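Enquirer: Mind having a look at this structure? Questions to follow.
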Amino acid sequence: MQTRSGPDPRAAFFDARAANWEAHCYPPPVREKLAPLIASFALPAGGTVLDMGTGPGTLLPYLRAALGPGGRVFPFDLSLEMLRQARRKLGPADPPPVLATAMRLPFRGESFDAVVCFAAFPHFEDQGRALAEMARVARPGAAVIIAHLLCRAELLAHHGGHGAVARDTLPEEDRMRELFRLAGLPDPDMVDAPGRYLAVCRKPAGTPGGRA
Ligand SMILES: C[S@@+](CC[C@H](N)C(=O)[O-])C[C@H]1O[C@@H](n2cnc3c(N)ncnc32)[C@H](O)[C@@H]1O
């Protein structure tokens, strides 16, 4: 693993919070929402999933459980300290955590059966580029999923006043649909209601942006 977080100021923000992230953000009433959320993704048994902005690996046990035997989850993040936390959840057979930015994924095209971006998309500096990268690494038929346990308005209020992420937000609905279109993806199914945000589609066969 590399030894320094990148220059994006969000890296330092998340480095500083990594050790207490899960205790702070996932108390039991929030944590109990994770398994049903992941179940709703209907991930393919034994599949290979990319966990975008894995943080301390919050989703790793849930994704692994959903995939079952033979399933593999690839975690990456911008923050080295977050990855140090995530590493504690990995066994010797698990793919190692990767220090990388969502805007330039170090994976070959068409590598994943699902690309899951949970509680991270608002923080990507160039959201169009990040979504294009998600589309590129998804296999034909793979689900491309952006998900939160807060709606767009709740997230805006949640991030406000928090230094480097104060202005990080989800795009408005029309803009999110446009980002999917520009990434070569179909129009996503979207939910934006209290306690839930989802933008989900399946990459069709023949989508440009194949192997890197
Ligand atoms: C709000 S935290 C959520 C982490 C984790 N998904 C969770 O739910 O606990 C957002 C994560 O996205 C990461 N992140 C922010 N910008 C990123 C980027 N450009 N590329 C990769 N990860 C990024 C942060 O370092 C942080 O770990």
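Enquirer: How much net charge surrounds Val115 when only other residues with a Cβ under 10 Å from its Cβ are counted (Lys, Arg +1; Asp, Glu -1)?
Expert: Residues close to Val115 contribute a combined charge of 0.
Enquirer: More than 21 Å apart: what percent of Cα pairs in the chain qualify?
Expert: 50 percent
Enquirer: Right, here's the next one. If region 1-75 were replaced by its equivalent ellipsoid, with semi-axes equal to the square roots of 5 times the Cα gyration tensor eigenvalues, what would those be, largest first, whole Å?
Expert: 25, 17, 9
Enquirer: Under a GNM of the chain (C-alpha, springs under 10 Å), which listed residue has the highest mean-square fluctuation: Pro171, Pro36, Pro61?
Expert: Among Pro171, Pro36, Pro61, the largest GNM mean-square fluctuation belongs to Pro36.
Enquirer: Please get the size of the charge dipole for region 1-64, origin at its Cα centre, with Cβ charges of +1 on Lys and Arg and -1 on Asp and Glu, quoted in debye to the nearest 20.
Expert: So the dipole magnitude of region 1-64 works out to roughly 20 debye.
Enquirer: State, to one decimal in nm, how far the label point of Arg196 lies from the label point of Arg167, with both points 7 Å from Cα in the Cβ direction.
Expert: With each label placed 7 Å out from Cα toward Cβ, I get 3.3 nm.
Enquirer: Hey, if you put +1 on the Cβ of every Lys and Arg and -1 on every Asp and Glu Cβ in region 10-117, which of Met52, Leu90, Ala35 ends up farthest toward the positive end of that dipole?
Expert: Value computed over the given set: Leu90.
Enquirer: How high is the FRET efficiency between Ala16 and Ala205 when r is their beta carbon distance and R₀ equals 30 Å, given to the nearest 0.05?
Expert: Here the calculated transfer efficiency is 0.10.
Enquirer: Kindly state, to the nearest 0.05, the FRET efficiency for Cys25 paired with Arg108, given R0 = 30 Å and r defined as their beta-carbon distance.
Expert: E between Cys25 and Arg108, to the nearest 0.05, is 0.40.
Enquirer: Ignoring any ligand, DNA or RNA, what whole percent of the accessible area of the chain comes from carbon and sulfur when the probe is 1.4 angstrom?
Expert: Looking at the chain in its full context, I get 54 percent from C and S.
Enquirer: In addition: Show that you can apply the helix-only estimate: for the chain, add -39,500 (n - 2.57) for every DSSP H stretch of four or more residues, divide by all residues, and state [θ] at 222 nm to the nearest 500.
Expert: Result for the chain, helices only: -8500 deg cm²/dmol.
Enquirer: Counting only other residues whose beta carbon sits under 12 Å from that of Ala102, what net charge do I get with K and R as +1, D and E as -1?
Expert: -2
Enquirer: At 1.4 Å probe radius, can you tell me the per residue accessible area of the chain in Å²?
Expert: Accessible surface, normalised per residue, equals 47 Å².
Enquirer: Turning to a different aspect of this structure: Mind putting a number on the dipole of region 9-202 about its Cα centre? Charges go on the C-beta only, +1 for Lys and Arg and -1 for Asp and Glu, and I need it in Debye to the nearest 20.
Expert: Taking the Cα centre of region 9-202 as origin, the dipole is about 460 debye.
Enquirer: Picking from Ala12, Gly195, Ala166, whose Cα lies most toward the positive end of the charge dipole for the chain (charges on Cβ: Lys, Arg +1; Asp, Glu -1)?
Expert: Ala12
Enquirer: If you don't mind, another one. Just to be sure I understand the model, the point goes 7 Å from the Cα along the line to the Cβ. What's the resulting Ala42 to Arg84 distance in nm?
Expert: Label-label distance for Ala42 and Arg84, simple model: 4.2 nm.
The values are calculated or read from the model by the stated rules, or taken from the named source; none is laboratory data. The structure displayed is predicted, hence computed values, not measured ones. Glycine gets a Cβ as well: all are built from the backbone with ideal geometry, and neighbour counts include every protein chain shown. Surface accessibility is based on the protein's heavy atoms, side chains included, excluding ligands, DNA and RNA. Shrake-Rupley method; radii C 1.70, N 1.55, O 1.52, S 1.80 Å.
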